[in-house]
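S.K.: Take a look at the following structure, please.
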Amino acid sequence: MHKRRSTRRTVSAVLAGGLALTMAAACGSGAASSTDEAQMTADQRNPQQLAEVAAREGQVVWYTTFADTDVAPIIASFNKVYPKIKVNALRLSADKIPPRVITEQRGGKYNADVVSGDSPQIAQLLQAGALQPYKPVDAAPLPAGLSLPDGYQGVVYAVTTVLSWNPQVLTQKGLTAPKSWEDLTKPQWRGQFSIDPGAVNWYDSLIAAMGHDKALALLKGLGDNAPVFVESHTQSLTNVQAGEPLAAATAYGYKASSLKKKTPNTLDFVNGTPLPASLNLIDVVKNSPHPNAARLFDDWMVSKAGQQEIVDVTNHTSVRPDVTNDAKVWDETKWPAAWGHPNLSQADYNNELAEMKSALKAP
């Protein structure tokens, strides 16, 4: 029987050694002196000072799991506030980020400044010592009941996993819309739905909601019903819109809601009760080549202004209480969240991934 381990590796604190940049003293301007600036670490600078030295660095390298279509608009929003900092983004799937960063660092290369991605994968980087601590200036508190190590608590958004289907094709085939994942285990749904066998954040949330044995039994039932395997949550919804297959078991709520608004005849979705949810996190990478720009970008991403931009651009869900979210996606009075572990150990991650693939009969 699977037993979730709650032990967490102690991550050695890596001092954020800011660049020893000097500033020309500005008479009567109140600016920091050259000596003060040289002795001040990046974590000690106030927002104006951080923005000034970040502008001198001129760029920030961002590894992210944001959808390709969302990256450019987010960068444009950031550059409205900080036009002197070029954001070089590398978009990777969640499971590709940890090996990319760790391999680079083992080879003595420190290319990334900041990384954002699903919490299970960010946890792998944290446990590998590939990140460094930083406390964003205007970060929101974590959702109730969740905890992360001090200095690694930057939340970009919460992601929910929902059931989605094509109502047009559903009617043509005389099927009833699924209301739960259990519905997809019924004979009439055999071969009619897709699932991502690497969606550990979803499986971990199911374990939190119903316990390990029931969650695993559900996956085995789904696996016995011939699911179509997909790796991209966005692609799974595109497939549903085309009716091939008819439904998606691991769609993301934010994207399903956005697409439903555009194509209501070919896409619909339902939130589970409780609703599987997990965090997407942001952290500064160890030995960041542009440490001040990395911290400034981190600050903006979790701030009220940055979060509202992210919600407006992408329809993702912010955990900040002062930001307005899509009510079709996030309303805890209707759909209480079943949170996946935000700092899942590597051993538990590997075990849950192996269980998923075996239960679903995935390659």
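S.K.: LYS96 passes all but one of (1) open to solvent by 60 Å² or more (accessible area, probe 1.4 Å); (2) in a loop (DSSP other than H, G, I, E, B); which number fails?
M.R.: It is condition (2) that LYS96 fails.
S.K.: Any residue in segment 248-260 that's touching a residue at least 12 places away in the same chain (Cβ under 8 Å): show its pairings with residues that are among the basic types (Lys, Arg) and open to solvent by 10 Å² or more (accessible area, probe 1.4 Å) at Cβ separation under 7 Å, as long as the two are six or more apart or on different chains.
M.R.: Qualifying pairs under 7 Å: SER257/LYS328.
S.K.: Please find, within segment 72-93, the residue that is nearest to GLY198 (Cα to Cα) out of those that are open to solvent by less than 20 Å² (accessible area, probe 1.4 Å) and of a type outside the set (Gly, Ala, Ser).
M.R.: Step one: filter segment 72-93 for residues open to solvent by less than 20 Å² (accessible area, probe 1.4 Å), giving 74, 77-78, 85, 87.
After this cut, where a residue has to be of a type outside the set (Gly, Ala, Ser) as well, the list is 74, 78, 85, 87.
Numbers: ILE74: 27, PHE78: 31, ILE85: 35, VAL87: 29 Å.
Across segment 72-93, the extreme among qualifying residues is ILE74.
S.K.: For SER358, all conditions in the list (1) within 28 Å of PRO99 (Cα to Cα); (2) surrounded by 22 or more Cβ atoms within 10 Å (Cβ to Cβ) hold save one; what is the number of the exception?
M.R.: Here SER358 clears every test but (2).
S.K.: Quick check, is PRO136 under 25 Å from GLU309 (Cβ atoms), without any contact (Cβ under 8 Å) to a residue 40 or more places away in the chain and not small (Gly, Ala, Ser)?
M.R.: In short, no.
S.K.: If I ask for residues that are out of contact with any Pro (no Cβ under 8 Å at 6 or more places or on another chain) and open to solvent by less than 20 Å² (accessible area, probe 1.4 Å), which ones from segment 255-280 would you list?
M.R.: Those that are out of contact with any Pro (no Cβ under 8 Å at 6 or more places or on another chain) and open to solvent by less than 20 Å² (accessible area, probe 1.4 Å): ALA256, SER257, ASN271, GLY272, PRO276, ALA277, ASN280.
S.K.: Does ASP283 meet the test of being touching a strand residue (DSSP E or B) at 6+ places or on another chain (Cβ under 9 Å), assigned to a helix (DSSP H, G or I), crowded, with 22+ Cβ neighbours inside 10 Å and of a type in the set (Asp, Glu)?
M.R.: no
The values are calculated or read from the model by the stated rules, or taken from the named source; none is laboratory data. Quick caveat, the model's predicted, so the values are computed rather than measured. Every residue, glycine among them, receives a Cβ derived from its backbone with ideal geometry; neighbour counts consider all protein chains shown. Ligands, DNA and RNA are stripped out before the accessible areas are found, and what is left, the full protein with its side chains, is counted by its heavy atoms. Shrake-Rupley method; radii C 1.70, N 1.55, O 1.52, S 1.80 Å.
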